[in-house]
Amino acid sequence: MSDSDRPSRRRFLISSAGAFSGAISGAIALPVASQAFAASEIKMKTYTYKTVGELKVQADVYRPDDRQVRDIVVWIHGGALINGSRQGVSGRVRKWALGAGHALVSIDYRLSPETQLPGVVSDLEDAFKWIRAEGPKLFNGNADKIAVAGGSAGGYLTLTSGFRVKPRPTALLSLWGYGDLVGEWYSKPSPHPRHHRKKLTKEEAFAQVSGKPISMAKQRTGDGGAFYQYCRQQGIWPTAVSGWDPLKQPEKFFPYMAVKHVTKEYPPTALVHGSDDTDVPFEQSEMMAEQFRQHGVSHEFIAVPKAEHGLAGGDAKLIDEAYAKAFKFMDEKMA
């Protein structure tokens, strides 16, 4: 779809949410200058929410070092379901969540292709079961008020939580995510240079991911990024992460596709996407927004013109405004 064919995009006016500098890990505590808890420190603690065989699947909880019951924001990392970890938290999302006085829970999930799609989504569901059951006891989380945010594949899983997680989350923030798994963008070879930076044979590619199940990319001895490149070059990503052929067995994917499961009960959702994204097409968010319109779901669809995946190359002012508008939407739904 060309720019001229796309529907008009809303513009937005709200000041920047800013960036959160510095990583928080282990027992490190950082002071946070915020009206929500100006005198408090943020502490992070790691929990195991699920064990599969010998593999511990974990979550990091960031919150002020106090006993106050706090609403929860769940962060889901990206990486094509192949790469990444809970340690890769968006700085902007972290600053918003903690600055608003919420507890932030960043979850791992088993990565593909060592674990196939149904197992990945079962981890998503189990993470929320754990948060609801144990969150009030372990970290004074309010299990009745849970927002979800994620980027790219994390945006996909965020949108998936809107129909697979029960009870449904309070609100969702999908950053350049997708609700479709069987479209040509993933099931045909990519023409984009970003997916042709590394060249491997089939044998070399699958050797990168031939080990035991993992829940963090650094646990893998091979190069998951190179494997993803191969998948996009060959148009086999859906098959690689699921074991199903999207052309011959599309119905196998449907239970894992948010675009097929929007109803009037779907959670309020903010969508942020760059118009020139060559990794996850802008049309993926357009498709979800159209479903929200058809079913009367409260939503904000925020386009960043001329921005690539992750909003790279977009105008800094427009990027700040996009995040600010998305966070305002989330604040209203979490109030």
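For this structure, a couple of remarks:
- Within the stretch 74-125, being under 29 Å from GLU41 (Cβ atoms), part of a loop (DSSP other than H, G, I, E, B) and polar (S, T, N, Q) holds for SER85, GLN87, SER90.
- Taken together, the residues in the stretch 145-187 that are within 15 Å of the chain's Cα centre (by Cα) and in a strand (DSSP E or B) amount to 11.
- Those residues of the stretch 321-335 which are under 16 Å from ARG94 (Cβ atoms) and among the charged types (D, E, K, R), in sequence order: ASP331
- Residue match in the stretch 257-264 (condition: free of Cβ contacts under 8 Å to residues at least 24 places away in the same chain and not in a helix (DSSP H, G or I)): no
- Only one of the numbered conditions (1) within 30 Å of GLN208 (Cα to Cα); (2) out of contact with any Ser or Thr (no Cβ under 8 Å at 6 or more places or on another chain); (3) acidic (Asp, Glu) is not met by ASP108, and that is (2).
- The stretch 47-74, residues that are among the hydrophobic types (A, V, I, L, M, F, W, C) and either at positive phi or surrounded by fewer than 17 Cβ atoms within 10 Å (Cβ to Cβ) (or both): VAL52, VAL69
- Residues of the stretch 44-85 satisfying the condition of being polar (S, T, N, Q) and without any contact (Cβ under 8 Å) to a residue 24 or more places away in the chain: THR46, THR48, THR51
- Members of the stretch 271-322 that are among the polar types (S, T, N, Q), crowded, with 20+ Cβ neighbours inside 10 Å and under 18 Å from ARG232 (Cβ atoms): GLN284
- Per-region count, the stretch 107-121, residues buried (at least 24 other Cβ atoms within 10 Å of the Cβ) and farther than 13 Å from LEU157 by Cα: 1
None of the figures in this text is laboratory data; all of them are computed from the coordinates on show. Here the structure is a predicted model, which means the values were calculated and not measured. Quick reminder, even Gly has a Cβ in these numbers, built from the backbone with ideal geometry, and neighbours come from all protein chains shown.
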